[in-house]
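First comes the structure, then the notes that go with it.
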Amino acid sequence: MLIEGRSCGTSYEGEFKMADSQASPTDTPQASGRRRFINSAALAGLAGVVACTEKAVPGASAPPAAAPAAAAASHAANGGVHLKPGELDTYYGLWSGGDTGEGRVLGPPAGREILRVPGFTPGALIGWGITNESKKVMGTKPDGSLRYTVGDSHHVHASYRDGNYDGRYAWVNDKINSRIARIRLDHFVCDKITELPNVQGFHGIFPDKRDPVDEKINHTTRVFCGGEFSIPLPNTPTEDASVYRSLFTCVDAETMAVRWQVLIDGNCDLVATSYDGKLAATNQYNTEMGAKYEDMMSAERDACTFFNIARIEEAVKAGRVKSIGSSKVPVVDGTRAANKDPATALVAYVSVPKNPHGVNASPDGKYFICAGKLSPTASIIELSKVLAWFDGKLEKLDAAVVAEVELGLGPLHTAFDGRGNAFTTLFLDSQVVKWNVEAAVKFHGGDKSVKYVVDRIDVHYQPGHLNASQSETAAADGKYLAVGCKFSKDRFLPVGPLHPENEQLIDISGEKMTLLADHPVRGEPHDFIIFKRDLLKPKQVYALDDFPHAVKDAKESGVFRNGRKVTVKLTSLAPAFSMREFKVRQGDEVTLILTNLDKIEDLTHGFAIPNYNVNFVVNPLETASVTFVADKPGVFWCYCTHFCHALHLEMRTRMIVET
């Protein structure tokens, strides 16, 4: 295999030399040894897959950034990122929660965690998975228990209007159980979850930015989802991997219903969408559709696969679809064999170096950047050329790749500053590289005098995702870059074998990048977005009418019996519940409805019942309910679990379960 600028053989010797040569000349021996160790471990796992002899990266002129001491001095000169008491952050950051199955809200640049938003998994703080309302969103089995109690959230993205975030929704994926959750950004709560049919390993996710046909619709109406693991369709037990396939899915942004799916060759990894709404894409690292490690890496090249949204929806409307198994979702044929003719093709497979990881849209709407992972390159794909191929105006689809340039070892994900520069994580080099997109295109086109690499900076350690402020919008502002490092090693106080991950903040406002701060985060977040705080107007207090079962007046409180089913209606108004006690009988099915009548911001109440596995909160003017069987007789003190008043400890009521 030949990679531009390198001759490739069967040895990793050159790769180790390149990794060491790119280390900062002021690195300590300990730091250099750590990089060699991690690179050795990572590359050993890829033995026989990619091998390159040493050669300097063409077009690269920038050495790594300053050593930690110099970076600290620069940080001090810039005033740092620590805010004064009472000072608010200038950005919101939405992070995925990884194997906690939640979303997280951070405040850049200080990096303070403000909130965790449970969705796929129970959340003890607010009673998510305990209340009837949250269980309805999460999904239950016939016996009322939760369908799933684990999740793995990787990617979070928000809704758009006119190319910028509009503050309505965010979506996050659950890779384990192929679910997509929507978060309402007015209250920062998960309001809908949809399980994708016939999909395993739902990984990449991205909303569209406008309608592909109707220009008047300038906001998000669809969310695209990539299925990473190929399976038999329908899923029947067989070891014959040749019948395994993956699906690319479109979900309605408002109803959260699955609109359609596309059957493809190969798998889906991450997802990107164009600013005109016409194209969505996914990078593919397993075009071989292999079921085993070595089979997934046998091809010389893989693909970045493009979906023509308007044509797909025309095919769905015309009935050129099938269904799979018990699902009624329409599925169109996006395989290579069915999409050879550009005039009728729904899908286009653009060739890129093997096993890419990440595809990102540039803020100017011109390019998708597909990072190489096993190749030290990034591929720049011009979207107008992809559309030209669909229109029959471009003979060879791969001519849409206008540049394929070397960046360093293990390029994964790319962010943008809105000034023409891209920032890509280099997993094996433990670096972020800053490079100019148009300069890279010129270099690839033959102008070898162009220096497309602008700067490099060491990060700590092994970076995965990154994102810049407003990076994934047409309003990218090029101020801050956050980098999610998978290993923190010695950056924080030791707390046993399980380390936090390290989210690092970098100043990208100047020509040179400056490392500003480390933030330990609970594992394992993956992707995130950062946007200006004035784009969001969260509501601090609910409206009573938001809840159909609200107890709007304390006078409505009481115990209401219908056979063995009992409804208990309560209100809270600091520092008391509306009833001093309530009685039920052993064996009753009890539904308790609680409305918080406090209207003051930040005056939240909790409600816990000992020995009954009940604990939840109600925010100002919020209503929540729980249902349980009163199977234990006795007196049970129900108390407020969320500090609310000087008489907080006295805020109690008695549940008396009679025999």
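Under 19 Å of direct C-alpha separation, and excluding same-chain neighbours fewer than eight residues apart, K136 reaches these lysines: K192. Only helical runs count toward this figure. For the chain, summing -39,500 (n - 2.57) over DSSP H runs of n ≥ 4 and dividing by all residues gives -3000 deg cm²/dmol at 222 nm. Report the paramagnetic label zone for Q586: residues of the range 645-659 whose backbone N is under 20 Å from a point 7 Å from Cα along the Cα-to-Cβ axis. Correct set: 654-659. On a per residue basis, the range 463-514 carries 40 Å² of accessible surface, using protein heavy atoms and a 1.4 Å probe. Among the protein heavy atoms, those of E314 account for about 110 Å² of accessible surface (1.4 Å probe, every chain in place). Counting only protein heavy atoms and a 1.4 Å probe, the range 77-123 has 43 square angstrom of accessible area per residue.
With the highest mean first, a sort of the peptides 274-285, 638-649, 610-621 on other beta-carbon atoms found within 10 angstrom per residue produces 274-285, 610-621, 638-649. Using equal-weight Cα scatterers in the Debye expression, the normalised intensity of the range 589-659 in log10 at q = 0.20, 0.21 Å⁻¹ is -0.84, -0.91. If the chain linking H645 and K599 were pulled fully straight, counting 0.36 nm for each residue of separation and taking away their Cα-Cα distance, it would gain 15.2 nm. Computed extension gain for T238 through K489, at 0.36 nm per residue and net of the alpha carbon distance, reaches 86.2 nm. Take each peptide in 304-312, 567-575, 599-607, 421-429, count the other Cβ atoms within 10 Å of every residue, and average; sorted highest first, the result is 421-429, 304-312, 567-575, 599-607.
Panel note: the C-alpha atoms of the range 507-659, placed on their principal axes, show extents of 75, 31, 31 Å (largest first). Excluding same-chain neighbours fewer than eight residues apart, the lysines reachable from K442 by a Cα-Cα span under 21 Å are K55, K366, K385, K396, K434, K451. Axis angle, to the nearest 10 degrees, between helix 29-44 and the longest C-alpha principal axis of the chain: 90 degrees.
Label sites at I114 and R522, each approximated as a point 7 angstrom past Cα along Cα to Cβ, lie 1.9 nm apart. Residues of the range 207-248 falling in the label zone of E195, defined by backbone nitrogen less than 16 Å from a point 7 Å along Cα to beta-carbon, are 235-236.
For the chain, DSSP calls about 90 percent of its internal beta bridges antiparallel. What FRET efficiency comes out for A318 versus A124 if R0 is 45 angstrom and r is the Cβ-Cβ distance? Round to the nearest 0.05. E(calc), rounded to 0.05, equals 0.35. The long axis of helix 68-77 is offset from the longest Cα principal axis of the chain by roughly 60 degrees.
Here the gap between K141 and V629, fully extended at 0.36 nm per residue and compared with their Cα-Cα distance, gives a gain of 174.0 nm. Ligands, DNA and RNA left out, the 1.4 Å accessible surface of the chain is 54% carbon and sulfur atoms.
Report the net charge of residues surrounding F416, where surrounding means a beta-carbon distance below 13 angstrom and charges are Lys +1, Arg +1, Asp -1, Glu -1. Charge balance near F416 sits at -1. When each of the peptides 205-211, 431-437 is scored by how many other beta carbons lie within 10 Å of its residues on average, the order from highest to lowest is 431-437, 205-211. Based on protein heavy atoms only, the range 193-267 ends up with 36 Å² per residue of surface accessible to a 1.4 Å probe. Placing R0 at 51 angstrom, the Cβ-Cβ distance between D553 and S326 gives a FRET efficiency of 0.65 after rounding to 0.05.
For V405, the residues 5 or more places off, or on other chains, whose built amide H falls under 5 Å of its own are A378, I380.
The values are calculated or read from the model by the stated rules, or taken from the named source; none is laboratory data. Only a predicted model underlies this, so the values are computations on that prediction, with no experimental measurement involved. All Cβ positions, even for glycine, are placed from backbone atoms using ideal geometry, and neighbour counts span all protein chains on display. Areas reflect the complete protein model, heavy atoms only, side chains present, ligands, DNA and RNA absent. Shrake-Rupley method; radii C 1.70, N 1.55, O 1.52, S 1.80 Å.
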